[in-house]
Amino acid sequence: MSGGQCAGADRFQHLQALVTEFQDTDSTDAKEQVLANLANFSYDPKNFAFLRQLQVPDLFLDMLTEDNETLVEFGIGGLCNLCLDKVTKSHILASGGLSLVINCLSSQREETVLSAITTLMYLSTAASRADITTQPVVECMLRFSLSTNRRLSNLANVFLEDYCSEEQVQEARTVNQHTALGIPLPKD
């Protein structure tokens, strides 16, 4: 085996051990730590194929419905990193992950909301854009754009400017039924 193959095998075994530990542990703290590690490994394109093979994108998607906000935060963070991979992006869209990501916009956690907005941007394709820029999402982004939190307002403004049409933004501003008003701003 060449050095690159050996390193790849070691990398896969390490990721597999993390997934197994996540599945086998009953400790919430251990689950949070392992999920954080998997999300961090999702930054590196060298890990994309291994993580897909280990079904980590599905694990991250599953975490988005958890009651534990830390697991949700790490799940959406991992998805945000992984959806840069075209195969994973297609999988997330095909498996109904878009609605799970949109639901994260209502989190009280700043990092969860920022990751959700970024993930929506990364998941945007010609086919998915209409589902990403629905009126409630655009209304939500308008609300976030008014936040005193600069990270949130800046990211929401990028979403509105780069992913929404002027008509969508104007319609969301003038609509009588404000469907996103119940979505609280994340805590700083």
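So here's what we get for this one:
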{"quantity": "Verdict on residue 34 being closer than 24 Å to residue 156 by Cα, open to solvent by less than 30 Å² (accessible area, probe 1.4 Å) and part of a helix (DSSP H, G or I)", "calculated": "no"}
{"quantity": "Region 46-59: number of residues that are of a type in the set (Phe, Trp, Tyr) and loosely packed, with under 14 Cβ neighbours inside 10 Å", "calculated": "0"}
{"quantity": "Pick from region 60-87, criterion within 22 Å of residue 13 (Cα to Cα) and more than 12 Å from the chain's Cα centre (by Cα), ranking: most open to solvent (accessible area, probe 1.4 Å)", "calculated": "87"}
{"quantity": "Within region 158-168, tally of residues that are open to solvent by 20 Å² or more (accessible area, probe 1.4 Å) and either part of a helix (DSSP H, G or I) or at positive phi (or both)", "calculated": "7"}
{"quantity": "From 39, 116, 126, residue being assigned to a loop (DSSP other than H, G, I, E, B) and either of a type in the set (A, V, I, L, M) or over 22 Å from residue 147 (Cβ atoms) (or both)", "calculated": "126"}
{"quantity": "Hits in region 90-101 (condition: assigned to a helix (DSSP H, G or I), surrounded by fewer than 21 Cβ atoms within 10 Å (Cβ to Cβ) and in contact (Cβ under 8 Å) with a residue 12 or more places away in the chain)", "calculated": "91, 93, 98"}
{"quantity": "Region 137-157: number of residues that are open to solvent by less than 60 Å² (accessible area, probe 1.4 Å) and either of a type in the set (Gly, Ala, Ser) or in a helix (DSSP H, G or I) (or both)", "calculated": "14"}
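Conditions tested, residue by residue: (1) over 13 Å from residue 81 (Cβ atoms); (2) among the hydrophobic types (A, V, I, L, M, F, W, C).
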{"site": "24", "(1), (2)": "yes, no"}
{"site": "28", "(1), (2)": "yes, no"}
{"site": "32", "(1), (2)": "yes, no"}
{"site": "38", "(1), (2)": "no, yes"}
{"site": "42", "(1), (2)": "no, no"}
{"site": "47", "(1), (2)": "no, no"}
{"site": "50", "(1), (2)": "yes, yes"}
{"site": "62", "(1), (2)": "yes, no"}
{"site": "70", "(1), (2)": "yes, no"}
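The values are calculated or read from the model by the stated rules, or taken from the named source; none is laboratory data. Note that the structure is predicted; figures quoted are calculated from it, not measured. Don't worry about glycine lacking a Cβ; one is built from the backbone with ideal geometry, like all the others, and counts go over all protein chains shown. Protein only, heavy atoms only, side chains kept; ligands, DNA and RNA dropped before computing areas. Shrake-Rupley method; radii C 1.70, N 1.55, O 1.52, S 1.80 Å.
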